[in-house]
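First comes the structure, then the notes that go with it.
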């Protein structure tokens, strides 16, 4: 499944739902309980600072999940950590016979995913592509221009590592192909990196939904668990309203 091809369908579905009001490019900075069961959210949209009161809040912010939960005293994961991992996408259409998708785990790990004619090639190798590993809740945006050189350098190391391991990938010679060197944040329990067999990152099962009154915190753990978590939180909200 190519998440870049799925995303437009999700945006279309959101835009078509009349009961959903969408505020893009808005950062929620603060969550405040009001004492009557409602919540005030304060955020920034561009240069504007806005606030609103809501009967129910579902925190599915992912990279901001812990920061917002801590503001209302909701207990965090035990020994949680944030990592930023590159999701390099090489813009080259390659047949499935010329490049097989593969995952390799050698302490370090990574993927080559051939998304076919429309999707290009996903190239990931860890730890080269892991640019931060932190316990801080104040996370910089690693996709902005000032970090572009660091992202490009990490991609080059990842590309070279894969060329050494995969004859098929090496034969493609993608060195001059355009590549999208962006990534995203991963939230997980554990503060030992993946090369340590005792790391909790190898057993990412402490996920799910936490609640404080009408405030719900949703930790999907994995991208593929998001639909299940959505169904579960809807069930909890419905049972609360009965």
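Where a number appears in this text, it was derived from the coordinates with a stated rule and is not lab data. Just so it is clear, the model here is predicted, and its values are computed rather than measured. Here the Cβ positions follow ideal geometry from the backbone for every residue, glycine too, while neighbour counts run over all protein chains shown.
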Kindly express, to the nearest 10 degrees and within the range 0 to 90, the angle between helix 3-16's C-alpha long axis and the longest C-alpha principal axis of the chain.
30 degrees
Considering the zone a paramagnetic label at residue 79 would reach in this model (a point 7 Å from Cα along the Cα-to-Cβ line), which residues of the range 203-236 have amide N under 14 Å from it?
203-206
Report relative contact order for the range 1-123 in percent, whole number only (criteria: Cα-Cα under 8 Å, sequence separation at least 6).
16 percent
Over what distance in Å are the Cα centres of the range 1-64 and the range 157-191 separated?
32 Å
How far is helix 148-165 tilted, in degrees, relative to the longest principal axis of the Cα atoms in the chain, given as a value from 0 to 90 rounded to the nearest 10?
50 degrees
Computed [θ] at 222 nm, deg cm²/dmol, the chain (DSSP H ≥ 4; -39,500 (n - 2.57); rounded to nearest 500):
-8000 deg cm²/dmol
Per-residue Cβ neighbour rank within 10 angstrom, fewest leading, 181, 90
90, 181
Exposure proxy ranking, count of Cβ atoms within 10 Å, fewest first, for 11, 159:
11, 159
Relative contact order for the range 19-72: what percent, with Cα pairs under 8 Å and sequence separation of 6 or more?
30 percent
How many percent of DSSP beta bridges within the range 1-108 run antiparallel, rounded to 5?
100 percent
Based on alpha-carbon centroids, what's the gap between the range 67-94 and the range 200-228 in Å, whole number please?
12 Å
